[in-house]
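Everything on this sheet refers to the single structure shown next.
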Amino acid sequence: MQGEQLTLFDDFGQEEKLLCPFVGRKVSVTGTFSLGRQALRSKLLKFGASDVRFDSLQRNTHFLLVGESPSTSMLDYWRLYVHDGYNIRRISFEDLEEIERGNYAPYQTEAVVCKKLHLTKEHLYWSAPEIEGLKNIRTSSPLMLESNSALYGKEIYIHLSLAEQMPELPQLLGCLGAYANVEMDEKTDLIIMQETMPALVCHGVEEYYNSSRATQFDIPFLLLEDLLLYIQKRLEQFPDIFMQQLYEKMHKTGIMLE
C-alpha cells in the first residue's frame, strides 16, 4: 500500500523534501539491539516517533522494529493484524540505519492505520497455523461439509453476480436450512467463494469489512465447488425431486463440477 509522503520545503521554498518516516508515528520494538533499549528509544523519539513501546503491539501501530531473538507471540500478532488488513510495517535494524542515512522514501506510511483488507489465498484457506494459539482463534476455512446439518440456520453471503448467474443456488441453500443473502452484515456466518476468487466477489467482501466496525476478519469461506459436490452427494443419498430439478438447472450454467 502506498503511504502518504510527509514533506516540507527548504528555506528557499524551491525543493520539496521528505520528512523522516517516524515523525508522528507509533513504533513497537521486539528483540534485542546492541545499543540497548534506552538508547534505542531516545533515537526513535529523536527521529520524531510519537510513541515507542517494547514487546507491545496494537492495531494502530505504524512500525514493528524487529531485533535479535524477537518475541514469537508479538510476531504472531503482527501476522494476525496484517491478515486482518492493517498496514503495520515490519522493519529491521538495517532499515533503521537506512532511515538514519536519509533514505526516507521507501518507508513512508499513512498517518492513520486503518483496515485495507486485500483478500488472498491465505485468507481463503486460513493458511496461518502460527496464529492458531492466540486468543483470536479462527474458524477453519473453507468449511468442511461433513454433516447433513452443517448449513442449517446459517446466513450465507452470495455475491449478486453469482446469485444472478445461478438463481437456483439461494433456493437450494434454503432447502438445506440456510438463508442466502446478497448483502453482508453482522449476522453473516459464511461467505461463498469460488476457488478462482473472482475480483467482483473479493471486492464485495473487502468493501464490507473495511467499512465495518469489525476489528478482525474472521468469517469462514464456503467453497462453491465444495457446496455443489456436497449437494450432489446429498441427492444421491437422500433423493429429492425439487432439489434435483434445481440442481439440474444450475448444471446448465457451466459452473457445475463435471
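The values are calculated or read from the model by the stated rules, or taken from the named source; none is laboratory data. None of the values given here were measured: they were computed from a predicted structure. Cβ coordinates were reconstructed from backbone atoms using ideal geometry, including for glycine residues, and neighbour counts include every protein chain displayed.
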Is it true that some residue in the stretch 102-116 is surrounded by 19 or more Cβ atoms within 10 Å (Cβ to Cβ), part of a loop (DSSP other than H, G, I, E, B) and at pLDDT below 90?
-> yes
Are any residues in the stretch 82-98 surrounded by fewer than 19 Cβ atoms within 10 Å (Cβ to Cβ) and in contact (Cβ under 8 Å) with a residue 40 or more places away in the chain, and if so, which ones?
-> 84, 87, 93
Requiring at least 2 residues that are crowded, with 19+ Cβ neighbours inside 10 Å, at pLDDT 95 or above and of a type outside the set (Gly, Ala, Ser), the helices (runs of 4 or more DSSP H) wholly within the stretch 176-258 are 199-211
Among all residue pairs at least 6 apart or on different chains, which show Cβ distances below 7 Å where the first residue, located in the stretch 211-222, is assigned by TED's automatic domain parsing to the domain that holds residue 150 and over 12 Å from residue 117 (Cα atoms) and the second is polar (S, T, N, Q) and surrounded by 13 or more Cβ atoms within 10 Å (Cβ to Cβ)?
-> 219/188; 220/141; 221/141
Scan 41, 79, 53 and give me the residue that is outside any loop (DSSP other than H, G, I, E, B), among the basic types (Lys, Arg) and without any contact (Cβ under 8 Å) to a residue 24 or more places away in the chain.
-> 41
For the stretch 132-163 the number of residues that are modelled with pLDDT under 90, touching a strand residue (DSSP E or B) at 6+ places or on another chain (Cβ under 7 Å) and under 18 Å from residue 180 (Cβ atoms) is 2
Criterion violated by residue 29 - all others in (1) in a helix (DSSP H, G or I); (2) of a type in the set (A, V, I, L, M); (3) buried (at least 17 other Cβ atoms within 10 Å of the Cβ) satisfied | (1)
